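J.: Before I ask anything, let me first share the structure, which is written out below as structure tokens.
Read-outs throughout are calculated quantities, based only on the coordinates presented, and are distinct from any laboratory measurement. Note that this is a predicted model, so its numbers are computed, not measured. Backbone-built Cβ (ideal geometry, glycine too); neighbour counts: all protein chains shown.
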Amino acid sequence: MRTDRKTFRRKALLLVLALTLVLGIMPFEAGASAALPNLNDKSVYYTPDYKSGECILSSCKCMFRRAAIMRGSHEWDTITNTALRGIATNKSGLFRHSFDYTNDGITYTVSIMDLKGTEAAKINTVANMLLNHPEGIIVWGSNANSAGPHAVLVTGCTRGVLYAADSVYNTNGRNYGIRAWNDTSMKSISNCTDIWYISKINGVSQKTPQSGSAATQAGYVKPDPLVHIINVRAPQSIKKGRSFSIKGKIYSLRKMKRVRVQILRASGKTAISVTTKPNRAYYNLKKLDRRVKFRKLKRGTYTYKVKAQTSRGWETLVEQGFTIY
């Protein structure tokens with residue numbers, strides 16, 4: 001009898017372990033909202049459907065994906081070379097100078113411009129463009145690498161060093177994501193002559209909640225064609241005297257004149273207001289964390305707001321109700 005009980009317990013334990021393993025590896029249920037990837041995530045740049053000669057198309061795909069992620073679109077991974085091929089290229093397979101592409105309710109307009117000057121001048125041009133185009137810009141040249149014509153998506157410039165996603169290193173089982181310019185297949189940028197970039201964006205994600213009191217209380221984050229915030233951490237319920245750390249990365253297609261964090265009382269009056277002047281197209285809210293002192297708030301109901309100002313005015317990016325108890 002004891003042996004039977006031991007055998008039963010052992011089998012039961014094995015069954016529990018098996019179920020735990022299965023549940024641990026099961027995918028999310030349909031409709032579950034997965035988190036948006038970081039812009040440095042290699043998955044954003046991998047191109048399994050790459051065809052020979054599609055360096056500009058692959059770079060454009062990555063540029064659209066970055067722009068979509070910055071605007072909160074969970075459909076970013078449906079932007080592929082296959083989806084773009086018939087829109088971005090002509091009958092001869094050449095990349096168009098300009099075109100419109102719509103995905104998840106957001107329409108992107110692509111335009112072309114010349115890249116002129118010395119090597120230093122071209123780096124400076126690209127660096128300045130990135131201030132207003134954090135989604136990246138496509139840089140191309142007919143003699144850009146050892147094989148001849150090639151293009152990469154430039155995503156950043158730090159102390160004169162360009163960083164780019166190169167389709168050569170992000171397909172056929174290789175996935176390096178973003179690399180320093182000298183680690184791509186490109187020669188000097190002095191060999192590059194053309195730039196493609198997103199000149200206009202219209203619309204918002206079709207799968208983002210609409211505004212309203214319920215959405216506000218749930219921590220609704222407003223997507224906007226010009227300014228967007230990701231990786232948000234906003235308060236919901238805090239014990240009196242406790243601190244709270246805010247988070248959020250703001251991206252804009254135009255330089256932001258100001259970023260403001262406000263705590264409003266139930267009456268609408270301001271309890272805390274902190275403003276900074278980024279004068280660039282990106283800002284990390286973590287820099288304002290120490291200045292927003294939640295521990296000084298009295299018990300009651302408040303609203304947490306994050307706003308950004310561009311040349312087109314103020315945009316409210318986050319508006320969430322919370323309590324101090």
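J.: May I ask for the percentage of alpha-carbon pairs in segment 213-324 that lie more than 18 Å from each other?
T.: Percent of Cα pairs beyond 18 Å in segment 213-324: 45.
J.: Also: Going by the alpha-carbon gyration tensor, a ≥ b ≥ c the square roots of its eigenvalues, is segment 42-202 rounded (a/c under 1.5) or, if a/c is not under 1.5, prolate (a/b greater than b/c) versus oblate?
T.: rounded
J.: DSSP loop (so not H, G, I, E, B), at most 14 other Cβ within 10 Å: list which trypsin sites (Lys or Arg not before Pro) in segment 125-206 pass both filters.
T.: ARG159, ARG174
J.: Once you list every other residue whose beta carbon is under 12 Å from the beta carbon of LEU115, what net charge do they have if Lys and Arg are +1 and Asp and Glu are -1?
T.: Around LEU115, the surrounding residues sum to -1.
J.: Then there's this: Per-residue HN-Hα couplings for segment 264-281, Karplus 6.51 cos²θ - 1.76 cosθ + 1.60 at θ = phi - 60°, whole Hz, x for Gly and Pro?
T.: Per residue, the Karplus-derived 3J(HN,Hα) values read 10, 6, 4, 6, x, 6, 7, 8, 9, 9, 10, 10, 9, 10, x, 6, 7, 8 Hz.
J.: Take VAL259, VAL126, VAL161 and order them by how many other Cβ atoms sit within 10 Å, fewest up front.
T.: Fewest-to-most Cβ neighbours within 10 Å comes out as VAL161, VAL126, VAL259.
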